[in-house]
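Since the structure comes first, as structure tokens, the remarks are kept for the end.
The values are calculated or read from the model by the stated rules, or taken from the named source; none is laboratory data. The shown structure was predicted, so the numbers you read here are calculated from the model rather than taken from an experiment. FYI the Cβ positions are ideal-geometry reconstructions off the backbone, even for glycines, and counts take in every protein chain you see.
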Amino acid sequence: MGVKVAVNGYGTIGKRVADAILKQKDMTLVGVTKTKPNYEARLATERGINVYASSADSLKLFDGTGYRVAGTLDDLVSSADVVVDCTPGKVGATYKPLYEKYRVKAIFQGGEKHDTTGFSFNAYCNYKSALGRDLVRVVSCNTTGLCRVINALDKGFGVKKVRALLVRRGADPAENSKGPINSIVPDPVTIPSHHGPDVQKVLPNIDITTVALAVPTTLMHVHVLNMELNRDATEQEIIGTLSSYRRIRLFSSAEGISSTSEIIEFARDIGRHRYDLPELAIWKESIKSFGREIYLSQAVHQESIVIPENIDAIRAVARITEDPEESIRMTDESLGLGR
Ligand SMILES: NC(=O)c1ccc[n+]([C@@H]2O[C@H](COP(=O)([O-])OP(=O)(O)OC[C@H]3O[C@@H](n4cnc5c(N)ncnc54)[C@H](OP(=O)(O)O)[C@@H]3O)[C@@H](O)[C@H]2O)c1
């Protein structure tokens, strides 16, 4: 049976976290919440997932609809060891008292403030510091992408300084009321964007400044990084280091993958469910070395990059294993990453 895990909020991130939990041998999905009866609730039930209403009020919405509901969020949380909060940004923090009331360990997402948990997580960077914690925040998609590459190069060569431009997707594919539709928006217009300080919550010793723009696309984010390393590194050495991480995948424009749409087409072609690509995508030809100063461009599939980190966060707070490598290997094998 393993560790009993509840997922509160069954949207973009929640449904992916739930699917990933179902693939783990050492955890059980006790259920997910929905605020209302819709096709997602029906699909979850058809797949054998217990659906709970997120409140007594939302339970009433299920009355007479024919949808099967197992109870309310309180029932779900009281039967779990760990809850993964996947409600919209800033909503998660409102549930913290409930999780504390039932003494369950809680994992929040990047839309919550660092202060909600006092600990921001990335599996490669600080797994051991998350062991047994009651509250953990898995950092956002952009911050996860930055942490993965910075951690890899820091371990390989030492990272002195990072300057990054983030070109952010305007909305997720299903978000039909969000924009921009015909604009490039400095988001925020002030510098730095919140991403650099957020990276420092995970990697406190990294000197990083980030600038962000939002653009009319839904598929992925793109980051352009300029980094100063502690020693000279050739392009081949950098490629060798990055290639040793299963959660980083190198793409080649020479092979016809020179855009985010082609990366997504690749994910479709290899049969990835929902065309997810939890690996950080880095274009090989973008890696340029001027001795200690390097450049690279990378793409982040915002809907799925944080999913493996959530699974590792569950293992860390539940102390299933104290070894980050073991957790990362189990997660990656179960999700078919790096293949
Ligand atoms: N989407 C991304 O690209 C992305 C990437 C990394 C991290 N994140 C973070 O992950 C978190 C979730 O984002 P998301 O994109 O998955 O959001 P989302 O697609 O809007 O899903 C959130 C789900 O929470 C449910 N919900 C809404 N209000 C609720 C409430 N008051 N109580 C309980 N459940 C409620 C909704 O369920 P119903 O359908 O039942 O109404 C919705 O499906 C946020 O912190 C976000 O910043 C998002």
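Hey, can you tell me all the residues within the range 50-73 that are among the charged types (D, E, K, R) and surrounded by 15 or more Cβ atoms within 10 Å (Cβ to Cβ)?
none
Which of the residues spanning the range 160-182 are surrounded by 18 or more Cβ atoms within 10 Å (Cβ to Cβ) and either on the phi > 0 side of the Ramachandran plot or outside any loop (DSSP other than H, G, I, E, B) (or both)?
If the condition is that a residue be surrounded by 18 or more Cβ atoms within 10 Å (Cβ to Cβ) and either on the phi > 0 side of the Ramachandran plot or outside any loop (DSSP other than H, G, I, E, B) (or both), then V162, A164, L166, V167, R168, R169 are the ones that fit.
Select from the range 245-270 the residues that are among the hydroxyl-bearing types (S, T, Y) and touching a residue at least 24 places away in the same chain (Cβ under 8 Å) and write down the one among them that is nearest to E309 (Cα to Cα).
So, considering only residues that are among the hydroxyl-bearing types (S, T, Y) and touching a residue at least 24 places away in the same chain (Cβ under 8 Å), the one nearest to E309 (Cα to Cα) is Y245.
Failed condition for G338, given (1) in contact with a strand residue (DSSP E or B) (Cβ under 8 Å, 6 or more places away or on another chain); (2) at pLDDT 95 or above; (3) not in a helix (DSSP H, G or I), with all others met?
The failed condition is (2).
Name the residue that is farthest from the ligand (Cβ to nearest atom), counting only residues in the range 29-45 that are assigned to a loop (DSSP other than H, G, I, E, B) and in contact with a Leu (Cβ under 7 Å, 6 or more places away or on another chain).
Selected residue: P37.
Could you tell me whether the range 230-244 includes any residue that is among the acidic types (D, E), assigned to a loop (DSSP other than H, G, I, E, B) and in contact (Cβ under 8 Å) with a residue 24 or more places away in the chain?
Yes, because at least one residue in the range 230-244 is among the acidic types (D, E), assigned to a loop (DSSP other than H, G, I, E, B) and in contact (Cβ under 8 Å) with a residue 24 or more places away in the chain.
Please pick out the residue among D19, D63, D26 that is without any contact (Cβ under 8 Å) to a residue 60 or more places away in the chain, more than 9 Å from the ligand (Cβ to nearest atom) and assigned by TED's automatic domain parsing to the domain that holds L73.
Every option except D63 fails the conditions.
Looking at the range 184-200, can you tell me whether even one residue there is out of contact with any strand residue (DSSP E or B) (no Cβ under 8 Å at 6 or more places or on another chain), among the acidic types (D, E) and part of a loop (DSSP other than H, G, I, E, B)?
Checking the range 184-200: not a single residue is out of contact with any strand residue (DSSP E or B) (no Cβ under 8 Å at 6 or more places or on another chain), among the acidic types (D, E) and part of a loop (DSSP other than H, G, I, E, B).
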